[in-house]
Amino acid sequence: MTDPRVARSNALYARAQQLIPGGTQLVSRRPTRFANGVSPVFAARGQGARIWDVDGNEYIDWATGILAIILGYCDPVVDQAVIEQIHRGVNFSISTEVELELAEELVRTIPCAEMVRYTKGGGDACTVAVRIARGTTGRDKVLFCGYHGWHDWYLAANLDAAASLNAHLFPGIEPIGVPRALAGTAHPFPYGDTAALGTLLDEHRGEVAAVMMEPFRSERPPAGYLDEVARLTRAAGAVLIFDEVSTGLRFGLGGAQEFAGVTPDMAVYAKSMSNGYSFGAVVGTRAVMEPAARMFVSSTYWSDAVGIRAALTTIGELRRRNVPAQIAAYGEQIQQSINEVARSTGCPVKCGGLVQYPQLQFQVDDPHLKAKVVTLYIQEMARRGCHGYASFGLNAAQGAAELQQTTEAAREVFTLIAEGLHSQSIDRLLIAQPQQETFRRLVH
Ligand SMILES: Cc1ncc(COP(=O)(O)O)c(C=O)c1O
C-alpha cells in the first residue's frame with residue numbers, strides 16, 4: 001500500500017525503476033530501507049536540520065543525508081566558501097593551493113595523518129587505501145571488518161564458497177561482475193574477537209597487506225580491543241586501516257581514532273567531512289603513504305576544488321563551533337527524552353548506543369515481528385514529519401525545535417506500537433511493506 005501524502009515520490013520512483021537499475025544510486029536510499037510506500041523517496045530541497053520532499057512535505061532528516069551532513073543542509077559558511085570557489089573555477093589543468101591547505105589541516109588534526117590523498121567518496125577512498133597498502137607491503141590479501149563500499153577488492157569476499165559477506169554484512173549479495181580470479185583475496189573477521197583475527201593472520205602469514213576495519217559505529221569498542229588489533233596487525237607486518245567514513249568527525253576533530261585512543265597506520269574519511277559535497281580522504285603515516293608516489297593512483301576529479309574547499313571549510317567550522325561537543329550533548333538529550341517517552345508509554349524500546357549516534361532497540365523477540373515494529377516506527381514518524389531509520393544521525397543544525405517535535409511524535413508512535421503489540425494488531429497498522437533486512441552492520 002502507499003500513502004497519498006507521498007504520491008509524487010512514489011510515481012517518480014516507479015519511473016526511476018524503469019530507467020535506473022536498482023532504482024537509486026545508493027542501496028541505503030532505497031525506499032525498502034525505510035517504510036516503503038509511506039517514507040519520502042525524492043527530496044526537493046533541504047535547509048538546516050530539515051528536508052522537503054517532492055510532494056511538499058517537511059521532515060526533520062534524522063538520517064542526516066545518510067550521515068553525510070554534519071553542520072546541517074545548506075550551511076551558509078560552507079556554501080559561501082564553495083560558491084566563491086566556483087566563481088574562481090573548480091577544475092583546472094594544474095593543481096590548486098587549497099589541496100595543500102587541506103593536507104596541512106588534516107596532518108595537524110588527525111593523529112595518524114602525515115601524508116594524504118583525496119577521492120570523491122568513501123568506497124573509492126577505501127579502494128585507494130587498499131591499493132596503497134598492497135603496493136607498500138607487496139602483499140595481496142586483505143582482512144576486513146565492516147562495510148567498505150562496492151568495489152571488487154571488497155565484494156571478492158563473496159566469491160568464496162562460504163559466501164563470506166553473507167554472514168558479515170549483506171545476506172544474499174551476489175558478487176556478479178567481480179572477477180573469479182579475486183577469490184581468496186579478502187576475508188572478513190568478526191568484530192570484538194581478537195582470537196579469530198589472530199587465527200586468520202596465522203593462516204595467511206606473510207600474505208596479508210592490510211587489516212581494514214570500522215573501529216566502531218555506535219557502540220564504544222570493548223576495552224583494549226583496538227589496541228590488540230593494532231598489535232596483532234603490526235606483528236604480522238600488515239597495515240592497519242581504520243574506515244572512518246561513517247563515524248567521520250562526529251566523535252571529535254581527530255576522528256574515531258582519537259576518540260578510541262588507538263592510532264592506525266592509515267584512515268579513510270568521506271561523507272560528513274565535507275558536509276555533503278562529494279569528497280573523500282585517505283590519510284596515513286609517511287612510511288605507508290610515501291610509496292604511493294610510484295603507484296598509479298590518479299583521477300581527474302580528485303582535485304576538484306569544490307569538495308576540497310568544502311572539506312577545509314567544514315573542518316574549520318566544526319572546530320570554531322565546537323560541534324563534536326554540541327553533538328554529544330544533544331545526543332544525550334535525545335536519549336533521555338526518548339527513554340522517558342518509552343517508559344511513560346510502556347513501549348518495549350530503549351534508546352542507547354554512544355550519545356553521538358543514538359540507536360533505538362525494540363525489545364521484541366520474534367525477528368519478523370520486530371522488523372514490522374521497526375517499519376511501523378519509521379512509517380508513523382514519517383507521517384509526523386520525522387524521516388529516518390530507527391536511529392538518530394546528528395548534525396549541528398538540530399536544536400530544541402527538532403527535539404520537541406521528535407519527542408512529541410515518538411510519544412504518539414510508541415503509544416500506538418505498545419497498543420498494537422498488546423492487541424496483536426501490528427499488521428493492521430502497517431501501511432508500508434516491512435523493512436527488508438538487507439544491510440546488517442557487523443560493527444555496532
Ligand atoms: C564505513 C563505510 N565505508 C565506506 C562507505 C562507502 O562510502 P561511499 O558510499 O561514499 O562510497 C560507507 C558508506 O556508507 C561506509 O559507511
Multiplying the sequence separation of GLU203 and ALA418 by 0.36 nm and subtracting their Cα-Cα distance, what value in nm do you get? 72.4 nm
Relative to the longest principal Cα axis of the chain, at what angle does helix 225-235 sit, 0 to 90 degrees, rounded to 10? 20 degrees
Highest to lowest packing among 79-92, 246-259, 317-330, scored as the average C-beta count within 10 Å: 246-259, 317-330, 79-92
Would you mind putting 370-380, 198-208 in packing order, based on average other-beta-carbon counts within 10 Å, highest first? 370-380, 198-208
Inter-label distance for THR300 and GLN25, nm, one decimal - labels placed 7 Å from Cα along Cα-to-Cβ: 1.6 nm
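Using a 10 Å cut-off on Cβ atoms, rank the peptides 303-309, 340-346 from the highest mean neighbour count down.
Values: 303-309: 22.6, 340-346: 16.1.
Ranked from most to least packed, the peptides come out as 303-309, 340-346.
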Estimated FRET transfer efficiency (ALA44, ALA235; beta-carbon r; R0 60 Å; 0.05): 0.65
Cα convex hull volume per residue for the chain, in Å³, equals 148 Å³
For a bin width of 10 Å, list the pair-distance distribution of the stretch 240-320 built from all Cα-Cα distances, rounded to whole %. 18, 45, 33, 3
Tell me the angle of helix 98-109 to the major Cα principal axis of the chain, expressed in degrees between 0 and 90 and rounded to the nearest ten. 80 degrees
Rounded to whole Å and sorted largest first, list the principal axis extents of the Cα atoms in the stretch 293-444. 65, 35, 26
Given H placed on each backbone N at 1.01 Å, which residues far from VAL239 in sequence or on other chains put an amide H within less than 5 Å of it? ALA210, VAL211
Taking a label point 7 Å from the Cα of ALA371 along the Cα→Cβ vector, which residues of the stretch 18-42 have an amide N closer than 12 Å to it? 33
The ³J(HN,Hα) series, computed from each phi in the stretch 251-257 with the Karplus coefficients 6.51, -1.76 and 1.60 at θ = phi - 60°, rounded to the nearest Hz and given as x for glycine or proline, is 8, x, 5, x, x, 4, 5
Check PHE144: other-chain or 5+ apart residues with amide H under 5 Å from its amide H, H built from backbone geometry? HIS187, PHE189, MET212
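Over the Cα atoms of the stretch 76-320, Rg to Rh with Kirkwood Rh, two decimal places?
Numbers: Rg = 17.8 Å, Rh = 18.3 Å.
Taking Rg over the Kirkwood Rh, I get 0.97.
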Gained length - MET1 relative to ILE94, 0.36 nm times residue gap less alpha-carbon distance: 28.1 nm
List the extent of the Cα atoms of the stretch 23-176 along each of their three principal axes, largest first, rounded to whole Å. 48, 47, 31
Out of all DSSP beta bridges in the stretch 76-320, what portion is antiparallel? Express it as a percent rounded to 5. 40 percent
By how many degrees, 0 to 90 and rounded to 10, does the Cα axis of helix 367-383 deviate from the longest principal axis of the chain? 80 degrees
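A short reminder: the numbers here are calculations on the coordinates, not readings from a lab. Treat the numbers as computed from the prediction; the structure is a model and nothing was measured. Positions of Cβ are backbone-derived with ideal geometry, glycine not excepted, and every protein chain shown enters the neighbour counts.
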